[in-house]
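Below: the structure, in structure tokens.
The values are calculated or read from the model by the stated rules, or taken from the named source; none is laboratory data. Just so you know, these numbers come straight off a predicted model, no measurement behind them. For neighbour counting, all protein chains shown are included, and Cβ atoms are generated from backbone atoms with ideal geometry for every residue, glycine included. Accessible surface areas use protein heavy atoms only, side chains included; no ligands, DNA or RNA. Shrake-Rupley method; radii C 1.70, N 1.55, O 1.52, S 1.80 Å.
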Amino acid sequence: MAVMYQGQAQQRIVAGIDTAIWALVGQEGTISRSYVRGPGMSESRTAGRNLADAVHYLCVLHGRHPGVVDIAANMTADPVIGAWMAKVIEAFAEERRYMNKLAVEVGPQPSTPGQAESVSTVNSQRHALEILSRSDRDGCALGAAIALVLDWVAVRNVLDRAATRLGMTPIPLGLPLEGDTLAMAAHYATTPGIERAILFGAQQLVAQHRGLWNLLEARHLARADY
């Protein structure tokens, strides 16, 4: 179930929707998670299992077609947004191939207590993102797509760690630059209502990513006692 976060980013919307989303992703997104930055995902003896777990669940959340951006692209006829979406869709097709190849190479998920509940949780998160991407609230789906692209830089770092650990060369990241992505929000936010909807969509996407990392950290801790 989607959760709405109303942090400092909500207060900063008056300074511009691009500033608000950038603050949101930096303060509440993947890069802010201590589990992602910590040794458990890079240096510890459990890093291999933790990275494998992350790869498999990222595949569940974002490794199937259609994804967030594929669905969101149908929610606006704006040609500027459409051109940006087309680039993102092409880039995420490569990201899906990369994720699924990694999922094969890392092997099965590590044995963890509560596996059935974890699978159910991540499937529910994917369903929540699909609903968000189909929202008919003008700007909501776009906000989710923008937040995904911005947060994916930190997510991709996790995938690349897994690839490097396997002796694979990470593929280039083909997503639009952060400035171009934030410009899409500023371009589309022509009314306060649309601005709020864009931020809401971004908040929901970030919330689901936060939920995923919280789950993965809990699974890591559960394996330590298993």
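For the chain, take the longest principal axis of its alpha carbons; what is the angle in degrees between that and the long axis of helix 140-165, to the nearest 10 within 0 to 90? It is inclined by approximately 30 degrees. For the pair residue 130 and residue 191, label points projected 7 Å from Cα toward Cβ lie 3.0 nm apart. Largest mean-square fluctuation among 129, 177, 199, in a Gaussian network model of the chain whose springs join Cα atoms under 10 Å apart, belongs to 177.
Taking Lys and Arg as +1 and Asp and Glu as -1, the other residues whose beta-carbon sits under 9 Å from that of residue 197 total 0. Once you divide the Cα radius of gyration of the stretch 152-226 by 2.2 N^0.38 Å, the number left is 1.52. Of the trypsin sites (Lys or Arg not before Pro) found in the stretch 8-116, those in coil by DSSP whose Cβ has at most 10 other Cβ atoms within 10 Å are 45. The slack between residue 165 and residue 222, meaning 0.36 nm per residue of separation minus the straight C-alpha distance, is 18.2 nm.
Dividing the convex hull volume of the alpha carbon atoms of the stretch 106-205 by its residue count gives 113 Å³ per residue. Averaged over its residues, the chain has an accessible area of 45 Å² per residue, based on protein heavy atoms and a 1.4 Å probe. For the set 164, 121, 76, the ranking by accessible area, highest first and with no ligand, DNA or RNA atoms included, is 164, 121, 76 under a 1.4 Å probe. Using just its DSSP H runs of length 4 or more, each adding -39500 (n - 2.57), the chain gives a mean residue ellipticity at 222 nm of -23000 deg cm²/dmol after division by all residues.
From the gyration tensor of the Cα coordinates in the stretch 106-153, what semi-axes in whole Å does the equivalent ellipsoid have, largest first, with each one equal to sqrt(5λ)?
29, 15, 6
The P(r) of the stretch 72-139 has a tail past 17 Å containing 64 percent of all C-alpha pairs. The share of accessible area on the stretch 82-205 that comes from carbon and sulfur is 57 percent, using a 1.4 angstrom probe. Kirkwood Rh and Cα-based Rg: tell me the resulting Rg over Rh for the chain, rounded to two decimals. Value, to two decimals: 0.97.
Compared with the dominant Cα axis of the chain, that is its longest principal axis, helix 79-105 is turned about 0°.
Taking the longest Cα principal axis of the chain as reference, the axis of helix 47-62 is set at about 40 degrees.
Once all protein chains are placed together, residue 142 keeps about 10 Å² accessible to a 1.4 angstrom probe.
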